[in-house]
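Everything below concerns the one structure shown next.
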Amino acid sequence: MIEKATKLRNLVHDVLTSKDLHSHQVNAAQKTFEAFKENVRAVVTAAEMQAGKSGIALALCCLQRLSLSDEAICDRKQLKDTLYLVTMPDTALKEQAEKDLQKAKNVVVSNFINFEKALDNEFKGNPPKLIIIDECHYGSNVSAVRYSKVFDYLEQENDSCKVVFISATPFGALYGAETEYQEAIELQQEAEIENDDIKLKDAQEVAASALKDSILRRDFNTRLVFHKTSDEYYGVREMLANSKVKGLDDETKNFLYPSPERASFVQQFLNHQGMGWSLIRVPAGFAMDAKQFLTSQGIDEHSIYILGNSLSGVPEDEHCSIERFKQQFEDALMFDEKLIAITVAGARAGINFGAMMKNNLISTWDSTVASVAAVVQANIGRACGYHGNNASIHYTNLNAAEAYGAILDHLESTCSDHAASDFEGLKEFFEDVCQEYQVNGLDVGLTVKYKKRRPIGDVETYKTDSYVVVPGMLFDEDHDFTTYTNNPRLLDAIKIIRNEYTAKGAPTVRSSRALRGAKKNWIKAHWVNGDSFDNPEKARADGTQREKTLKYTDMLDKGEYLEYNRVVAPGSGELSENKAVTAAIFSVYNISRRKVAKKLMSTEDVWAMCDHFNIPRDDTMMVLYLRGAYDLDRTLEKKEHNNLPEQTGQLSDESHFSDKVEPAY
């Protein structure tokens, strides 16, 4: 048996080490599989657009096979042990998945519609040990198949099976159901006040359904892993770094409306030498109008293709399948001609144009403004991947693209080396990102009734005047801090903060500190402990306390603008306008209340910060920021944002290919 088992394992190793898989994909799969310990049954694997999610899935299938005992791996009846589910009922996607995973002999590919049938037909007497769900963000859409079906099976019929969710934008899967639950609870409270039994029953049903659909079920101990790509990958962050993303706003996003951006897009296409193609995404119902405009600019109508089926306002003979367009591209490549593809809101995110098409891409235009995921799952995401084209220009929602870049930076720093579990902190980070970049939301398929726009609470805005760094010197009662600053406000703040540590004698380790009282509330204090100092899971939009301190002070040293409200990061009803000084206090006497490996800063941690700022080494140091001049322009921008009408109804799913007639919007 040992010899046979070794032979079978070698076959799996051949797949893992074949040219079909890259080392970064295998590494991501290993990190995902390693997360299944200590009662963890669910792992979310976040991977950038076109970064090789199918390769990760193939590697996961292999690792599942290798995890079997010698007896099990030699039992032919136990060969099929992994179920791969395509979220969308798209036969083309299912066929593509079967092709991508064909070398994994232990996997069965199905979709949510045929979920139970696959279990009955393919896993008789041997239930799956691993379920992989692709493009899990679609599960948050009310029109999509709900996750409760899978979880009910895992809880009631197969309590030893594990599940992996894979997506480039898993935001809705993580928080869509939770948001729906919270808003259902609010609706339930309203119904109780109004004594409306029907409304109350509806709200209770929505709340119960949302809880069943959340992939953050406590008894599954969900973890999050980020797939770190190799250096050859070209994605949204690389596009932003190379200034290849051009912003479109509410006034310029309409391709049918004259704008400098549209003129630039058309001129770039006309001036392009040699073979190339461009991709344009317009609202449903306007594809023919876009084609007519392009022909008016001197572009041959036979070079313009409208991708889709049964599209509103598009004659039957004008429709072009994706497969046919790819063939047209190959012909144009042979004759050195240029093409334009037009898609509408609803174009499937799963389109893989391949390296050759990406290498010849001239530009893309996308009208999406709804959410971060709607932007990156659409045109700009189709241009991501492993290819050599870093010259194409992408006209899209710049704020959403930058927000996605910030999210990727955060995920890469928090959970590319190990799985993360602080989903509450991650949610706070996501909310910060949405507010900082002023985007409507994260998710593409998220449908939430009674959804409200998140207003900016800290409106009155100031710039940061300056900063000073001082050692705490808590054991030196009469230490002279005028050698660091003569500003009376800063000197008072230093005195008050030192007193918080020494009022009752020698400083002691505490998990909770506060500057209460009217004589102290003009100071905002961030008490930095071992957890908040450099734990990526506790990072907010600007990083950990260490990272943001180095970032803020560097900006001020360079004379760059730093919004004071950003430094204050007010909470619990606080306002930046009431905080004349903000201080970050790094000290060995601050301790985290969370159950983490590093609760306290070490003396070496504090010394490293002291050395960076060239001050005497101490066990406590303070970085104090002084509030500067009032910023009228930014204040008015925030007030204008808050005066926008509330968003009600739903965020529509704009990133899957549909054969249905697309409604105009």
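The values are calculated or read from the model by the stated rules, or taken from the named source; none is laboratory data. What you are looking at is a predicted structure, and each value in this text was computed from that prediction instead of being measured. Using ideal geometry, Cβ is built from the backbone for each residue, glycine included, and neighbour counts are taken over all protein chains shown.
Residue by residue, here is whether (1) farther than 20 Å from F353 by Cα; (2) surrounded by 12 or more Cβ atoms within 10 Å (Cβ to Cβ); (3) in contact (Cβ under 8 Å) with a residue 60 or more places away in the chain holds:
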residue	(1), (2), (3)
V245	no, yes, yes
Q273	yes, no, no
S278	no, yes, yes
A290	yes, yes, no
Y305	no, yes, no
Those residues that are farther than 20 Å from V236 by Cβ, in a loop (DSSP other than H, G, I, E, B) and touching a residue at least 60 places away in the same chain (Cβ under 8 Å), I need them from region 7-52; list them, please. S18, D20, A35, F36, E38, N39, V40, R41
Tally up the residues in region 143-161 that are surrounded by 17 or more Cβ atoms within 10 Å (Cβ to Cβ) and modelled with pLDDT under 85, please. 7
Inside region 326-347, can you point out the residues that are crowded, with 20+ Cβ neighbours inside 10 Å and either among the acidic types (D, E) or under 32 Å from the mean Cα position of the chain (by Cα) (or both)? I340, A341, I342, T343, V344, A345, G346, A347
Which residues, taken from region 101-118, are more than 30 Å from the chain's Cα centre (by Cα) and either under 17 Å from T87 (Cβ atoms) or at pLDDT below 90 (or both)? E116, K117, A118
From the list A569, A584, which one is buried (at least 20 other Cβ atoms within 10 Å of the Cβ), assigned by TED's automatic domain parsing to the domain that holds T553 and closer than 20 Å to I497 by Cβ? A584
Restricting the search to region 23-52, which residues are more than 20 Å from T82 (Cα to Cα), surrounded by fewer than 19 Cβ atoms within 10 Å (Cβ to Cβ) and at pLDDT below 90? E38
All but one of (1) touching a helix residue (DSSP H, G or I) at 6+ places or on another chain (Cβ under 6 Å); (2) in a helix (DSSP H, G or I); (3) crowded, with 19+ Cβ neighbours inside 10 Å; (4) not charged (D, E, K, R) hold for S413; state the number of the condition that does not hold. (3)
Only residues that are of a type in the set (D, E, K, R) and touching a residue at least 12 places away in the same chain (Cβ under 8 Å): list them for region 226-243, please. K228, E232, R237, E238
Considering only region 211-225, I want to know if a residue exists there that is among the aromatic types (F, W, Y), at pLDDT 90 or above and surrounded by 18 or more Cβ atoms within 10 Å (Cβ to Cβ). no
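Quick one: how many residues across region 551-566 are assigned to a helix (DSSP H, G or I) and either within 22 Å of N614 (Cα to Cα) or outside the structural domain of F533 (by TED's automatic domain parsing) (or both)?
7
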Condition check for D219: in the same structural domain as K31 (by TED's automatic domain parsing) and either farther than 17 Å from H394 by Cα or among the aromatic types (F, W, Y) (or both): yes
Restricting the first residue to region 526-543 and requiring it to be assigned by TED's automatic domain parsing to the domain that holds M601 and over 15 Å from R593 (Cβ atoms), which pairs with a second residue that is at pLDDT 85 or above and part of a strand (DSSP E or B) meet a Cβ separation below 6 Å and a spacing of at least six or different chains? H526/A584
